[in-house]
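Input: one structure, supplied below.
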Amino acid sequence: MSIAQFAIADDVINDFNQLFHKDKQSAVIEELMRQIISDIKQQGKRQQAFHSLTNRRILRPTVSQSEIEQIRDEVRL
C-alpha cells in the first residue's frame with residue numbers, strides 16, 4: 001500500500017473531517033479515487049463509442065426527405 005500527499009484547500013479538509021470524523025478516512029478517500037477512476041474510464045468508452053458511430057455515418061448512404069416519405073407511404077398501404 002502506498003502513501004500519497006496532496007495539497008488540499010483548508011475549507012475542503014475541514015468539511016471532510018467534519019463529515020467523515022467517524023469513518024476510516026483513508027477508506028473514504030480510496031473509494032472516492034476508485035469511483036473517479038471508474039468514471040473517467042467510462043467517459044473514455046463513451047467517447048470512443050461516439051466517435052465510432054459518427055465515423056460510421058460517413059459510410060452510410062444518404063437518403064433524401066422525399067425518399068423517406070415515399071417509403072413511409074409505401075409501408076402504410
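All of the numbers you see were taken from the coordinates with simple rules; none came from a lab. Because the structure is predicted, anything quoted here is derived from the model rather than measured. Glycine gets a Cβ as well: all are built from the backbone with ideal geometry, and neighbour counts include every protein chain shown.
Given (1) 18.0; (2) 13.3; (3) 12.5, which label gives Kirkwood radius over Cα pairs in Å as computed from the coordinates?
Working out Kirkwood radius over Cα pairs in Å from the coordinates points to (1).
In degrees from 0 to 90, rounded to the nearest 10, what is the angle of the helix 10-19 Cα long axis to the longest principal axis of the chain?
90
When the dipole is taken about the Cα centre of the chain, and only Lys, Arg (+1) and Asp, Glu (-1) are charged at their Cβ, what size is it in debye, to the nearest 20?
The calculated dipole for the chain is roughly 460 debye.
Ignoring everything except DSSP H segments at least 4 long, calculate the 222 nm mean residue ellipticity for the chain; use -39,500 (n - 2.57) per segment, divide by total residues, nearest 500.
The helix-only estimate for the chain comes to -25500 deg cm²/dmol at 222 nm.
Hey, what angle do you get for helix 65-76 against the long axis of the chain, alpha-carbon based, 0 to 90 degrees rounded to 10?
80
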